[in-house]
Amino acid sequence: MDTTRRRFGGALLGVGGALATGRPPARAQEAFPSRPVRIVVPFPAGGTTDLLARLFAQRLTETLGQSAVVENRGGGGGSIGADAVAKAPPDGHTLLFHNLTFSTTTAALEFAGRAPHSIERDFAPITMGADVPLMLLAHPSVPARDLREFVAHAKARTDLFYGSTGPGSTMNLVGEILKRDAGIRMEHVPFRGAAPLVQDMLAGRIHFGGDQLPSSIGHIRNGALKPLATIAAKRAGLLPEVPTAREQGFPNAELLGWNGFFAPAGTPAPVLERLHREIAAAARHPDVARRIAELGAEPGGNSPAEFAAAVHGQIAKVRPLVAELRMQVE
């Protein structure tokens, strides 16, 4: 009887301790998801990554049994929102939806000795949501039909401005690569995201910049922005007439245009498996896949290992470029 009382008392103390600390008992922690899933987009609303995140959030809300909510946390070239996820509880309820600039910004922060997180150490890659071409764009006032002509134009000028989504971002890296490889001069103007960058390009205050195709295709089609090159291994399906940067003699500017999901490192394997299963299924869902294709991208859904290899391979590629170009973050 005494043994039974001690066991029963210990069980009560365990539950009471969990309630006192605000943590549910272990049995309740096994359920996933047990509350809304937060998808952090580390850029302001209105850009391609935000558009894609909301498309996935709508579908995941229908399949997870809990709401999937997008939260925009812009700034620092995406590093502020990414760091919030790196430090979130690793339970699957806080995810990061980032894009190819994750690798360049992180590499620049590492070079400056101020990296708040490591892509390889602090995040668990889940899957690519979509492969999205990054377009190099110019204001219509720039007398150039492609990247080669832009370089020729820039060689005769010293008053050109190029915009990016922040110090250390992909467009910052591409701009510095072009300055080095083509021998041109441009002044870098950083923005908090693609949406404000595009607005200044439309106004003609920024002559040259980059944006993911889905959020710029409308401006390209109505002539408000001029496409000069695609930063990808192949031409964009919606703009087959626009050559890649490599085709125009700038192979160092070629990067994979991924947009994908990450969880904090240490997230339990069963939770990661569930998230991968649901997100990959969402990417293949006819309505989602059709919408992604309409935006000029390709649906993702690859395995965590494949996605990790792509992301880790990209940061390994850009680290030496960032160091060589001595890219600084502010």
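So how far apart, in nm, are the two label points at Q58 and A112 if each is 7 Å from Cα heading toward Cβ?
3.6 nm
With a 1.4 Å probe and every protein chain kept in, tell me what percent of the accessible surface of the chain is carbon plus sulfur.
C and S fraction of accessible area: 54 percent.
Taking every DSSP beta bridge that has both residues in the chain, what percent is antiparallel when rounded to the nearest 5? List each step's numbers first, then the result.
Details: 23 of 38 bridges.
So the antiparallel bridges amount to about 60 percent of the total.
What value does region 49-113 have for Rg/Rh, both radii from Cα atoms and Rh as Kirkwood defines it?
On the way: Rg = 13.4 Å, Rh = 13.1 Å.
Taking Rh as the inverse mean 1/r over Cα pairs, Rg/Rh reads 1.02.
Can you list the residues, at least 5 places off or on another chain, whose amide H is less than 5 Å from the amide H of G300, using H built in the peptide plane?
Amide H to amide H, under 5 Å and 5 or more residues apart or across chains, G300 pairs with A130, D131.
Along the Cα→Cβ direction, 7 angstrom out, place labels at R185 and A323. What is the inter-label distance in nm?
Distance between the two pseudo-spin positions: 3.0 nm.
Given C-alpha coordinates of region 61-214, what is the ratio Rg to Rh with the Kirkwood estimate of Rh?
Values: Rg = 17.6 Å, Rh = 17.1 Å.
With Rh from the inverse mean 1/r over Cα pairs, Rg/Rh is 1.03.
At a 10 angstrom cut-off on C-beta neighbours, averaged per residue, how do the peptides 210-221, 229-240 rank from highest to lowest?
Details: 210-221: 21.8, 229-240: 18.1.
Ranking the peptides 210-221, 229-240 by packing returns 210-221, 229-240.
Positive end of the dipole of the chain, charges at C-beta (+1 Lys, Arg; -1 Asp, Glu), about the Cα centre: which of L321, I231, A263 has its Cα farthest in that direction?
A263
Going by Cα centres, region 263-319 and region 47-120 are how many Å apart?
The distance from the Cα centre of region 263-319 to that of region 47-120 comes to 13 Å.
Using a ≥ b ≥ c from the Cα gyration tensor of region 124-257 (square roots of the eigenvalues), is it rounded, prolate or oblate, where a/c under 1.5 gives rounded and otherwise the larger of a/b and b/c decides, a/b for prolate?
Details: a/c = 1.29, a/b = 1.27, b/c = 1.02.
Since a/c stays below 1.5, the shape of region 124-257 is classed as rounded.
Mind checking the per residue accessible area of the chain for me, 1.4 Å probe, whole number of Å²?
Values: 14110 Å² over 330 residues.
Result: 43 Å² per residue.
Determine the shape class of region 272-321: with a ≥ b ≥ c the square roots of the Cα gyration tensor eigenvalues, call it rounded for a/c under 1.5, and otherwise prolate if a/b is greater than b/c, oblate otherwise.
Details: a/c = 4.48, a/b = 1.55, b/c = 2.90.
Judged from the Cα gyration tensor, region 272-321 comes out oblate (a/c at least 1.5, b/c at or above a/b).
Using only alpha carbon positions, build the gyration tensor of the chain, then give the equivalent ellipsoid semi-axes as the square roots of 5 times its eigenvalues, largest first, whole angstrom.
Working: eigenvalues 363, 85, 49 Å².
Those come to 43, 21, 16 Å.
How high is the relative contact order of region 148-279, given as a whole-number percent (alpha carbon pairs under 8 Å, six or more residues apart)? Mind dumping the intermediate values first?
Values: 149 pairs, mean separation 25.0, N = 132.
Worked out over region 148-279, it gives 19 percent.
Does region 203-330 come out rounded, prolate or oblate by the C-alpha gyration tensor, with a ≥ b ≥ c the root eigenvalues, rounded set by a/c under 1.5 and, if not, prolate when a/b is larger than b/c and oblate if not?
Working: a/c = 2.11, a/b = 1.29, b/c = 1.64.
Oblate.
Find the lysine pairs in the chain meeting two conditions, Cα atoms under 25 Å apart and a separation of 8 or more places or different chains, and report how many there are.
Values: K155/K179; K155/K226; K179/K226; K179/K234; K179/K317; K226/K234; K234/K317.
Value for the chain: 7.
The values are calculated or read from the model by the stated rules, or taken from the named source; none is laboratory data. These figures come from a predicted structure and were not determined experimentally. Every residue, glycine as well, gets a Cβ built from its backbone with ideal geometry; the counts of neighbours run over all protein chains shown. Ligands, DNA and RNA are excluded from the accessible area calculation, which covers all protein heavy atoms including side chains. Shrake-Rupley method; radii C 1.70, N 1.55, O 1.52, S 1.80 Å.
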